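Reviewing the structure listed below.
The values are calculated or read from the model by the stated rules, or taken from the named source; none is laboratory data. Treat the numbers as computed from the prediction; the structure is a model and nothing was measured. No Cβ is skipped: glycine too gets one built from the backbone with ideal geometry, and neighbour counts run over all protein chains shown.
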Amino acid sequence: MALTGCILATAWLAGCTSTKTTTTARTATEQLLLSTATDHALQNLGLEIFAGRRVFLDGTYFDSYDSKYVLGTVRDALSRAGARLVDVATNSEIVVEARSGALAIDESDTIFGIPSIGVPIPLSGTIQTPEIAFYKAERQRSVAKFALVAYTRRADHVYSSGPLDGSSFDKHSRVLFVSWHRTDVPEKLREPAKVQKAQTWFPQYDLENLRETNTPAK
């Protein structure tokens, strides 16, 4: 009986649980840096000229990473300005055409100390020596550049935005064993005051524009 109890106890103690983890091809930091740069580029668009007009957003010539987010943000800005968005160009009074000059991330690293280097070992290949850093900084900076042009269905010029520029950053620094983090990405900030300061878009409600259910738009 005692032997059986010992065996059961040993089996219980030897038990283990493994959790499967997965990842995505792109990191959350990359996507947030690009979307935040987009928000910064488009946050001050003056599109009140389109208020009350039927507007179609044409993304034919827009080629960029995360193009759906960028075009969706432009649609958001148009709607906030009072434009009446339509899904087909033939139903519009004005066509707004979007294009992209840049939406990407630059990276840079700074280190004071001894970097990791490869040391060739005969008959064994190369091994990496450990990094010994007294100070190290890793920076990522995203840059966005867009432009809009608007014209009537008869191709008469209505509006040109000029360059719409925005950027965002994420920086990790370390001195010996002390590290800190700086960023302007709202989703990566923890303190409510800093999150509020970093926000570029806020909810907007126009309840008077709500129509009765099943009532067709005029």
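Computed values, structure above
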item	result
Complete set of residues in region 129-162 that are touching a Lys or Arg at 6+ places or on another chain (Cβ under 6 Å) and more than 30 Å from ILE117 (Cβ to Cβ)	ALA147
Top-ranked residue in region 50-88 [being aliphatic (A, V, I, L, M) and surrounded by fewer than 14 Cβ atoms within 10 Å (Cβ to Cβ); ranked as farthest from VAL158 (Cα to Cα)]	VAL88
Hey, LEU164 of a type outside the set (Val, Ile, Thr), closer than 19 Å to SER35 by Cβ and more than 18 Å from the chain's Cα centre (by Cα) or not	no
Tabulated pairs, region 41-60, first without any contact (Cβ under 8 Å) to a residue 40 or more places away in the chain and on the phi > 0 side of the Ramachandran plot, second in a loop (DSSP other than H, G, I, E, B) and surrounded by 14 or more Cβ atoms within 10 Å (Cβ to Cβ), C-beta under 7 angstrom, 6+ apart or interchain	GLY52/GLY82
All strands (runs of 3 or more DSSP E) inside region 49-164 with 1 or more residues being at pLDDT 95 or above and within 30 Å of VAL178 (Cα to Cα)	94-114, 132-152
Looking only at region 27-45, and only at residues there that are part of a loop (DSSP other than H, G, I, E, B) and of a type outside the set (A, V, I, L, M), the one that is modelled with the highest pLDDT	THR27
Flag if LEU85 is without any contact (Cβ under 8 Å) to a residue 60 or more places away in the chain and either of a type in the set (Ser, Thr, Tyr) or in contact with a helix residue (DSSP H, G or I) (Cβ under 7 Å, 6 or more places away or on another chain) (or both)	yes
